[in-house]
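To start, the structure itself, in structure tokens.
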């Protein structure tokens, strides 16, 4: 079925966005090499990997600072990185589903996730 949306082949796959971490750039390359990614899915893949980077950054900051902080009045409140981690995790999970990575593989021997 042709939808009119260009499909990227491994030879012409778009380069990963510059703002991604090196780990996410490698994931990008592996995903576009092993999966059929059309031009409509590129922004979703970008959102997925950007959110994944943000989750990892937030987790590092939470580990460094802790989940609770004191404000300028000495009142204990949630570290803002906790909300960033939560929101980025939601974005990542939605993009994961939109990309179809949550579907069962057609061949039981084949993993659906290209980066496993």
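Throughout, read-outs are computed from the coordinates displayed, never taken from laboratory work. Because the structure is predicted, anything quoted here is derived from the model rather than measured. Please note: Cβ atoms are built from the backbone with ideal geometry, for glycine as well, and neighbour counts cover all protein chains shown.
Suppose R0 equals 30 Å. What FRET efficiency, 1/(1 + (r/R0)^6) with r the Cβ-Cβ distance, do residue 76 and residue 19 give to the nearest 0.05?
It comes to 0.35.
Before anything else, pin down the relative contact order of the range 20-98: Cα pairs under 8 Å, at least 6 apart, normalised by residue count, whole percent.
35 percent
If one puts a single equal scatterer on every Cα of the range 20-98 and applies the Debye formula without solvent, what log₁₀ I(q)/I(0) results at q = 0.19, 0.23, 0.24 Å⁻¹?
Here the Debye-derived log intensity ratios amount to -0.80, -1.01, -1.06.
Multiply the residue gap between residue 30 and residue 86 by 0.36 nm, knock off their C-alpha separation, and tell me the result in nm, one decimal place.
Contour length minus Cα-Cα distance gives 17.5 nm.
Please arrange 54, 29, 60 by counting, for each residue, the other beta carbons lying within 10 Å of its beta carbon, fewest first.
60, 29, 54
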